[in-house]
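What follows is a short report on a single structure.
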Amino acid sequence: MSYTQHSGSVPRLDDDAVLRELGYDPQLVRRMGAFGNFGISFTVISILSGCMTLYGFGLITGGPAVMTWGWILVGAFVLCVGAALAEVTSAYPTSGGLYYMAHQLGGPRWGWYTGWLNLLGLLGAVAGIDYGAAQFVGAFASLQWGFTPTPESIMVIFVAILLLHAGLNLFGVRLVNLLNSVSVWWHLVGVAVIVGALAIVPSHHQSPSFAFTTFVNDTGWSNPLYVAAIGLLLAQYTFSGYDASAHLSEETTKAQISAARGIVRSIWVSWIAGFVLLFGLTWSIQDYAGTQASATGVPPAQIFLDALGTSGAKALLLIVIVAQLFCGNAEVAAASRMVFAFSRDGALPGSAMWRRISRRTQTPNRAVWLSVAVALVLALPSLYSPVAYGAVTAINVIGITPAYIIPVYLRRRAGRRFVPGPWHLGRWSALVGWVAVGWVVLVTVLFCLPQSRPDARHLVTVSSFNYAPIALAAVLALAWIWWRVAHRAYSTPVAGTSPEMAAIAEDVV
């Protein structure tokens, strides 16, 4: 295996030899190619999940103008973050991903806290994606059977979706790879079908200026800049999860190239397709207030209903629901690999249990079950608070986004001591890296702020409280406590492999 190398980079060996060089015994099998690796990050980003589930949030936090311009702005900065992260991923293609990079570049404490942040973000993403899918299933059932969505019924659907994704992941990475490859085309064709139908069928559309200039503030806050800043959550939440390419790198062929490219490609393809989708939705709003107050509980469903009628709305909702199911399945795969890798290095309570691999499928089955169980716990407040779902999405953003940037910051701090992999930014590395660091610092602060204004007595209530900072503080506190108790168990496994694993690895999808 040979690649064009950056001056000063280490010789590039075959995938498993590189992994052993990094200190790990190959335990997972490489059945995922470059397209599958791109597909998992593109699927986890899932514009048909993030854009749709938070569209109602966007309607009140700045409205069309913030959704449209926010998407363009956030996408540009996220591309910088992704490119900077891809450069480090090329040098360290392991399932641990971000925390392993941070450990190598900054030491054990950096790796430890990065890992806990990454884990919080990934598990928050599983909760956010699958709960959003449950809401859309409820909206479809409302149109099809007159079902009335309630917090309790949505929670039941959510649990069923979690169980579905656990079951699919237990079959192994071959099925995950196949589903991700199908998902790429489902998303792209789905966006084309949705936007095409909304462009052709309705007799009335908003003007283009409506999508670019109309500002709506129904948050209760009076400062438009503050509202616009909060409104960026829609785009920033959607543009997360692209580290999935890194987490699946130990199951990917030519991982040093494929995983890095998978990260960057998933972002720019989502950036373009997501803009088309958001504009198509906003351009087709028939009744703004009616869309916000939709009886389905899902504003995009109301747009479909008003523009296309019941049959058309149900057809488009099915496209969205299937895309969201693809997304949640890919996120469970990424989260479970993070649980496996972190346990492999002794960083989690009960690590010996969570790092076990199924002999039949070479899949970390127990890590899969832990991932869906924690996601369920994170979503439980949605039973009691109408803003809890927004808090879960913010948990995802403020957990995973800082974790993205820590390896990038440490790579910049390392300077010439960092040895690039075969995919690198060259002379643009410093500029892109520091822009990425600045952006992540900004959005991390933004999403710890209150999203809903306190009541007239200036009291914070269950419905106005932002749970994200509490979750962030809790996971950092847990990480600190567990560091004090068990950091000596946090180590690199002994190198070595078996001929059986090498034989299985030849079977590449």
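Structure above, values below:
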read-out	value
Which numbered condition ALA134 misses (of (1) touching a strand residue (DSSP E or B) at 6+ places or on another chain (Cβ under 8 Å); (2) over 30 Å from ASN223 (Cβ atoms))	(1)
SER266 being at pLDDT 90 or above, crowded, with 20+ Cβ neighbours inside 10 Å and within 30 Å of TRP110 (Cβ to Cβ)	yes
Any hit, the stretch 214-234, residues being within 30 Å of ILE357 (Cα to Cα), part of a loop (DSSP other than H, G, I, E, B) and either basic (Lys, Arg) or more than 12 Å from the chain's Cα centre (by Cα) (or both)	no
Test: ALA307 is touching a residue at least 40 places away in the same chain (Cβ under 8 Å), farther than 20 Å from ALA160 by Cβ and among the hydrophobic types (A, V, I, L, M, F, W, C)	yes
Condition broken by PRO149, with the remaining ones in (1) modelled with pLDDT under 90; (2) more than 16 Å from the chain's Cα centre (by Cα); (3) assigned to a helix (DSSP H, G or I) satisfied	(3)
Matching option when the condition is in contact with a His (Cβ under 7 Å, 6 or more places away or on another chain) and surrounded by fewer than 24 Cβ atoms within 10 Å (Cβ to Cβ), among GLN286, GLN362	GLN286
Tally, over the stretch 177-216, of residues that are within 26 Å of LEU325 (Cβ to Cβ) and of a type in the set (S, T, N, Q)	4
Search result, residues across the stretch 233-262 that are under 17 Å from VAL88 (Cβ atoms) and either without any contact (Cβ under 8 Å) to a residue 40 or more places away in the chain or of a type in the set (A, V, I, L, M, F, W, C) (or both)	ALA244, ALA246, LEU248, ALA255, ILE257, ALA259, ALA260
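Listed here are the residues, each with its yes/no results for (1) in contact with a Leu (Cβ under 9 Å, 6 or more places away or on another chain); (2) basic (Lys, Arg); (3) at pLDDT below 90.
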site: ILE161; (1), (2), (3): yes, no, no
site: LEU168; (1), (2), (3): yes, no, no
site: SER181; (1), (2), (3): no, no, yes
site: HIS187; (1), (2), (3): yes, no, no
site: SER207; (1), (2), (3): no, no, no
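The values are calculated or read from the model by the stated rules, or taken from the named source; none is laboratory data. Quick caveat, the model's predicted, so the values are computed rather than measured. With ideal geometry, Cβ positions are generated from the backbone for all residues, glycine too; neighbour counts draw on all protein chains shown.
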